[in-house]
Amino acid sequence: MSTGHAGYPGYTEGAPIRDTKAPEGPIEDRWEKRKFGAKLVNPANKRKLNVIVVGTGLAGGSAAATLGELGYNVKSFCYQDTPRRAHSIAAQGGINAAKNYRGDGDSIYRLFYDTVKGGDFRARESNVYRLAQVSVNIIDQAVAQGVPFAREYGGLLDTRSFGGAQVSRTFYARGQTGQQLLLGAYQALERQIAAGTVEMHTRHEMLDLIVSDGRARGVIVRDMVTGEIERHLADAVVLASGGYGNVFFLSTNAKGCNTTAIWRAHRRGAMFANPCYTQIHPTCIPVSGDYQSKLTLMSESLRNDGRVWVPLERGDSRPASEIPEEERDYYLERIYPAFGNLVPRDIASRAAKNVCDEGRGVGPGGLGVYLDFADAIRRLGRDAVEKKYGNLFEMYERITGEDPYAQPMRIYPAVHYTMGGLWVDYDLQSTIPGLFVIGEANFSDHGANRLGASALMQGLADGYFVLPTTIGDYLANGPYGEVDEEAVAEAEVAVREKIARLLSNDGDRTADSYHRELGRLMWDHCGMERTEESLRKALERIPELREEFWKNVKVSGEAGELNQVLERAGRVADFFDLAELMCIDALHRTESCGGHFRAESQDADGEALRDDEHFAYVAAWEYGEQGPILHKEDLDYEYVKMSQRSYK
């Protein structure tokens, strides 16, 4: 049935979709039941099977290392010059695990509950419970690898709180947790490279997926140094290529982060789930000028000891030190007394936007709020604060020129993480048999809003523990024989034609200029707040801008050489197509939930108002030449009662 919107072609609704791999029965037994029911591959047969892993972050690095350790032949690809440069290295604050070392009431069930609630009841119960179960193993794995987690005086691992939880379950390595965890996965990966089970291809970018006889059988990649187009075949393909937050141009993601791998897999038949679910992080350094190419995240861990506030009066431009306590509004503590400064990211971000919209923001343009450590320094002493957050404070001072020990940090929300991604079942397999998707590249665990410190948890859970079990069930029926040469040639020709089309343009605008314009359009119309009117405007302008891009973009250089201009242009082209689907998804979902805030759907207090009767489903989009096709996966809750989220 056609469900287009006036003035826009819209979409078609297709048949419902179901996850048929999640077992029935008590939720605490499902993962064990699935592991036992999964077919095994004996060691001799593993040596006959080939797996491609795209991406070397926490998900991809841990997956390639574990699959190599198991005996499979693995090819690993990344566009960086070393796996160590994957964007997981930028994660700062910590990793969640239900260890209950503090004895403060944590448990696997509480982590499960907090994650489902934090995702605004738009995640699958089975997947989230498994994530909470596996979390306890991740810490043991990382410690065994030598990850230097912070420890208490007595030597026990230390933990701290993060948004959306009232317990201390976040393990951390000062302000560089992602870096330390990635080095753990990297050393495991390098061990397998040395052992010959993993073949590493750095500076290679995946540009298409090879689908033969309905199965994912390989990838087309470009050697980014020589420009050579290569074909690599396997029995299964794993995408661990991260999220798509850079569709907004300004985000906390590294400049290289892109959507190309998952988008081109989507074009080949992998459904894309919930693309409108993007996360706005409340603790970022505000935009300082039009020249910026990215934003800097200040770890959410800072909200443990930092207090968020703005002046009580509009237009108060006095320095923070001159505003007395009684003339300050600690608005998160006032509005959400139970959680205070540790409310989830979506709620903290909208609250910051609201006070700035009221004219009470601080800094240039009034787009900032204070994150103040004066109380913590008085209570704990400067040395203790420096021990916890010193490298973060140093980074802030280097970027802004302001000393956060002497004056409050200024922060403002920015695009950070994407909860949407390729649709996968309980086995992490997409709608293309043999194509598995892990980490931020899939949609599976976070619903409409990710809790802080859960990205590292999911990436390592998928790579170390879940995928190595579930991919075996698929590979047990392999090897899958010869790959159809026509399918390989067609994918390679498609890649070469797209490159040639970009290089043949003799326009006068850079890809970056188009990306910046697209990003501003998305931030203004499909960002922290969306309305029917704003989304319609975006859907009118995106096709026009995309057409201008293809007619007028200037891509210099040649195909057969190092050509970063060509790389960026190809990624921007994919962002245009993704942006359109994001807006269609956001327009069709006329409720507010988590990071998707429709201004028309809010309660009397201005909080997100869900519509469980009509939208308690995953929106899985199939690519169609005549427009996207929506397939709905109903979300049924047996263990957590769907209710209006409250952190008051």
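How much net charge surrounds W423 when only the other residues with a Cβ under 10 Å from the Cβ of W423 are counted, with Lys and Arg +1 and Asp and Glu -1? Kindly include the intermediate steps, with their values, before the conclusion.
On the way: positive: none; negative: D19, D425, E622, E633.
Residues close to W423 contribute a combined charge of -4.
Rank by packing, highest mean first: peptides 298-309, 364-375, with packing defined as the count of other Cβ atoms within 10 Å averaged across residues.
Working: 298-309: 24.4, 364-375: 19.2.
By packing density, highest mean first, the sequence is 298-309, 364-375.
If the cut-off is 22 Å between C-alpha atoms, which lysines fall inside it for K75, apart from same-chain ones fewer than 8 positions away?
K46, K48
Which translational diffusion coefficient, to the nearest whole µm²/s, is obtained for the stretch 287-411 from the Stokes-Einstein equation, given a Kirkwood hydrodynamic radius over C-alpha pairs, 20 °C and 1.002 mPa s?
Numbers: Rh = 15.1 Å.
Reported coefficient: 142 µm²/s.
Return the Cα extents of the stretch 1-97 along principal axes one, two and three, sorted largest first, each rounded to a whole Å.
Sorted from largest, the Cα extents of the stretch 1-97 read 55, 41, 34 Å.
Could you calculate, for the stretch 358-448, the ratio of the Cα radius of gyration to the Kirkwood radius, expressed as Rg to Rh?
1.22
Under the rule of -39500 (n - 2.57) per DSSP H run of 4 or more residues, summed and divided by the residues of the chain, what mean residue ellipticity at 222 nm is obtained, to the nearest 500 deg cm²/dmol?
Details: 18 runs with 228 residues, N = 648.
Here the helix-only value at 222 nm equals -11000 deg cm²/dmol.
Given Cβ point charges of +1 (Lys, Arg) and -1 (Asp, Glu) and nothing else, what value in debye, to the nearest 20, does the dipole of the chain about its Cα centre take?
Numbers: 75 positive and 93 negative charges, 280 e Å.
For the chain, the charge dipole is close to 1340 debye.
Starting from the Cα of D506, step 7 Å along the direction of its Cβ; do the same at R379; then give the gap between the two resulting points in nm.
6.7 nm
Within the stretch 105-119, what residues put their amide N at less than 20 Å from the label point 7 Å along the Cα-to-Cβ vector of Y637?
Counting backbone N atoms under 20 Å from the label point, the list is 107-119.
Would you please put 171-177, 14-20 in order of how densely packed they are, using the mean number of other Cβ atoms within 10 angstrom per residue and starting with the highest?
Output ranking for 171-177, 14-20: 171-177, 14-20.
If you take every DSSP beta bridge fully contained in the chain, what fraction is antiparallel? Give it as a percent rounded to 5.
The antiparallel proportion sits near 70 percent.
Name the residue farthest towards the positive end of the dipole of the chain from the options V211, W263, L58, assuming +1 on Cβ of Lys and Arg, -1 on Cβ of Asp and Glu, about the Cα centre.
L58
Based on C-alpha coordinates, I'd like the Rg and Dmax of the stretch 556-626, in Å.
18.6, 59
Find which of V553, G25, N45 sits farthest along the positive direction of the dipole of the chain, computed with +1 on the beta-carbon of Lys and Arg, -1 on that of Asp and Glu, about the Cα centre.
Value computed over the given set: N45.
Which FRET efficiency value, to the nearest 0.05, do you get for R318 and N45 by plugging their Cβ-Cβ distance into 1/(1 + (r/R0)^6) with R0 = 60 Å?
With a Förster radius of 60 Å, E is 0.25.
What does the net charge come to around D524 if you take all other residues with beta carbon closer than 12 Å to its beta carbon, with K and R at +1 and D and E at -1?
So the environment of D524 carries a net charge of +1.
May I ask for the percentage of alpha-carbon pairs in the stretch 152-225 that lie more than 22 Å from each other? Provide the component values of the computation, followed by the final result.
Working: 1544 of 2701 pairs.
Pairs farther apart than 22 Å: 57 percent.
Can you tell which of N563, L518, A579 lies farthest toward the positive end of the dipole of the stretch 479-592, using +1 and -1 charges on the Cβ of basic and acidic side chains (Lys, Arg; Asp, Glu)?
Projecting each Cα onto the dipole axis, the largest value belongs to L518.
Show me 74-85, 272-283 ranked by packing, highest mean number of other Cβ atoms within 10 Å first.
272-283, 74-85
Figure the gain on full extension for E482 and D81 (residue separation times 0.36 nm, minus the Cα-Cα span) and round it to one decimal in nm.
Full extension of this stretch gives 141.2 nm more.
Give the shape of the stretch 169-325 as rounded, prolate or oblate, defined through the alpha-carbon gyration tensor: a ≥ b ≥ c are the square roots of its eigenvalues, a/c under 1.5 means rounded, and otherwise the shape is prolate if a/b is larger than b/c and oblate if not.
Because a/c hits 1.5 or more and a/b exceeds b/c, the stretch 169-325 counts as prolate.
Could you compute the net charge surrounding G93? Neighbours are other residues with a C-beta less than 12 Å from the C-beta of G93; K and R count +1, D and E count -1.
+4
For labels at D603 and V493 in the simple 7 Å Cα→Cβ model, what's the distance in nm?
Distance between label points: 5.7 nm.
Taking every pair of Cα atoms in the stretch 58-151, average 1/r, invert it to obtain the Kirkwood radius, and report Rg/Rh to two decimals.
Result for the stretch 58-151 is an Rg/Rh of 1.01.
Students often forget the sequence filter, so: which lysines lie under 20 Å Cα-Cα from K498 once same-chain residues fewer than 8 apart are removed?
Within the straight-line limit of under 20 Å, K498 reaches these lysines: K551, K554.
Here, each number is a calculation from the coordinates, and none is a lab measurement. Not measured: the values here are computed from a predicted model. A quick note on method: Cβ atoms are made from the backbone with ideal geometry, for glycine too, and the neighbour counts reach across all protein chains shown.
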